[in-house]
Amino acid sequence: MIQPKLYSLSNGIPVIIDSLPGFESATVGIYVKNGSRNESSQKEFGMSHMLEHMAFKGTTTRSAREITDSIENVGGVINAYTTFNMTAYFSTVPVRHREIAFDILSDIVKNSVFPESEMIRERSVVAQEIKSYQDIPEAILEKKMFGSIFRGGMQHDIGGDIKSVGKISRDNLIEYFKSHYSAKNSLLVLSGGGLENPEPALAALEKYFGDWKKTDVPEYKFSTYVPAVVHMPKLDLSHTYFKLVWPTPPANCRTSLQALNLFMFIMGAGFGSRMFQEIREKRGLVYYIGAGGMAFEDVGIAVIEAQTESCKMAETICAIADLRAKILTRREPITEAELSRAKEMTKGGILMGLESSSRRADFFATRSMRFGGLDDLQTIIDKLDAVTLEGINAAAREMFSEKPSIITLGVEKKLPAKEWQGLF
């Protein structure tokens, strides 16, 4: 099992080096701990995401086209994304061209100039991106969920809205960029071939990133969970979409939620999960049903989600409530076979998901940004294996002791969601 190592540059930027002997690719990423949660007022909503877009539109030495061509002309790819907590810029190139990626990414995060002409066009592009999500029921429902169950930095959409994006000026963006991007809240990752001796790569990273100043940056806004029951009518749908949401403990360390995560696998991951077998296979109520969760240092949630025909909604909710009751009353607790399956599925998902330089770079970087330090893969596996039957049943009962929030989207003008909540 290949394990990365953690280094740092002279200005304190952590550097994850992930040597993959025999790989012909190299992925380099710069991760900045700045996301939509850092947007402290409505006039800033969407600023982090807009900044990510505009970072590719030119620097003090390169045009937007030159940024793209520098990477694609050597057979590489470059991209970025924004989340609640961070913004990531990354490029995968053939190993021999990795220094080009260092150069481009450092230029982007240190020297972007945000040309006014590009701002005008990119506002339109981002507006189209926001509108595109309005065509996707799952995206509409997720946005409504975050807006309903959270208070604080996670309440508003990562991309902002068309109104807030339309008001972002170049001056706003420059000010936000200077105050939120720093060596102090960033991390570098390099995964791929040619790293058996990491010193040349570290020296090159020092050359391009070592002069980045370590200025103070604002912390993001913490969030809290509030219960909610919300229905959104949408007349052009053929199905009703829903999310049942339970509050869970925050992720105050890497492995504090292992039992709860395994329980969510048992409930809704794969064809062998309880909900798939009971609600789809036995009853034919849904095409898709699943479960998952997310946890940050301040708040966590577990989510059961599905979509079904309007006439089958009540029966589907009742079936989920019945599965929950059987666990809560210990009539049908989690079994040893289910726990073993969940452990193997989780381990398989982690290990098989780490078979490319880009996946590995993102896995280790994002978790390091959230928790600090560096994950040890063997420790993750050992912690999963250490979850006991008693522990997972206790985690399941604790979660299900709360009534869920219910967020729905469908053709109906009203739904008896309060009554459904009473079933739990």
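Quick note: the coordinates plus some simple rules give every number you see, no bench work behind them. All figures in this text were calculated on a predicted structure; none of them were measured in a lab. Reconstructed Cβ throughout: ideal geometry from the backbone, glycine too, with neighbour counts over all protein chains shown.
Quickly run through the stretch 31-44 and pick out the residues that are closer than 17 Å to Met86 by Cβ and more than 16 Å from the chain's Cα centre (by Cα). Matches in the stretch 31-44: Glu39, Ser40, Glu44.
For the stretch 133-164, a tally of residues being more than 17 Å from Thr408 (Cα to Cα) and more than 17 Å from the chain's Cα centre (by Cα) returns 6. Contact map, the stretch 347-374: first residue in contact (Cβ under 8 Å) with a residue 40 or more places away in the chain, second residue assigned to a helix (DSSP H, G or I), Cβ cut-off under 7 Å, separation 6 or more or different chains; pairs are Leu374/Phe364; Leu374/Ser368. Considering the stretch 364-394, the residues that are touching a strand residue (DSSP E or B) at 6+ places or on another chain (Cβ under 9 Å) and surrounded by 14 or more Cβ atoms within 10 Å (Cβ to Cβ) include one that is nearest to Ser182 (Cα to Cα), namely Met369.
Every listed requirement among (1) under 25 Å from the mean Cα position of the chain (by Cα); (2) assigned to a helix (DSSP H, G or I) is met by Lys418 save one, (1). Evaluation of Ser70 against the conditions (1) of a type in the set (S, T, N, Q); (2) surrounded by 15 or more Cβ atoms within 10 Å (Cβ to Cβ); (3) touching a residue at least 40 places away in the same chain (Cβ under 8 Å) shows that the sole unmet condition is (3). Here Thr59 fulfils each of the conditions (1) surrounded by 15 or more Cβ atoms within 10 Å (Cβ to Cβ); (2) among the β-branched types (Val, Ile, Thr); (3) under 24 Å from the mean Cα position of the chain (by Cα) apart from (3).
Give the residue that is nearest to Trp246 (Cα to Cα), with candidates limited to residues of the stretch 289-308 that are surrounded by 17 or more Cβ atoms within 10 Å (Cβ to Cβ) and among the charged types (D, E, K, R). Applying the filter and picking the extreme gives Glu305.
Of Val286, Val226, which residue is β-branched (Val, Ile, Thr), out of contact with any Cys (no Cβ under 9 Å at 6 or more places or on another chain) and surrounded by 14 or more Cβ atoms within 10 Å (Cβ to Cβ)? After applying the criteria, what remains is Val286.
Within the stretch 132-173, the set of residues being surrounded by 15 or more Cβ atoms within 10 Å (Cβ to Cβ) and among the β-branched types (Val, Ile, Thr) comprises Ile140, Ile149, Ile158, Ile162, Val165, Ile168.
Results for (1) in contact (Cβ under 8 Å) with a residue 40 or more places away in the chain; (2) of a type outside the set (A, V, I, L, M, F, W, C), shown as yes or no for each residue.
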position: Ile162; (1), (2): no, no
position: Asp171; (1), (2): no, yes
position: Ile174; (1), (2): yes, no
position: His180; (1), (2): yes, yes
position: Ala183; (1), (2): yes, no
position: Gly194; (1), (2): yes, yes
position: Ala228; (1), (2): yes, no
position: Met232; (1), (2): yes, no
position: Ser238; (1), (2): yes, yes
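Cβ-Cβ distances below 9 Å connect the following pairs, each with a first residue in the stretch 323-338 that is closer than 17 Å to Leu260 by Cα, a second residue that is of a type in the set (Asp, Glu) and part of a helix (DSSP H, G or I), and a separation of six or more residues or different chains: Leu323/Glu278. The residue pairs whose first member lies in the stretch 31-59 and is farther than 25 Å from Ser368 by Cα, whose second member is crowded, with 24+ Cβ neighbours inside 10 Å and acidic (Asp, Glu), and whose beta carbons are closer than 7 Å, counting only pairs six or more residues apart or on different chains, are Phe45/Glu39. Answer yes if at least one residue in the stretch 338-354 is surrounded by 20 or more Cβ atoms within 10 Å (Cβ to Cβ), touching a helix residue (DSSP H, G or I) at 6+ places or on another chain (Cβ under 7 Å) and over 26 Å from Asn252 (Cβ atoms), and no otherwise. Yes, the stretch 338-354 contains at least one residue that is surrounded by 20 or more Cβ atoms within 10 Å (Cβ to Cβ), touching a helix residue (DSSP H, G or I) at 6+ places or on another chain (Cβ under 7 Å) and over 26 Å from Asn252 (Cβ atoms).
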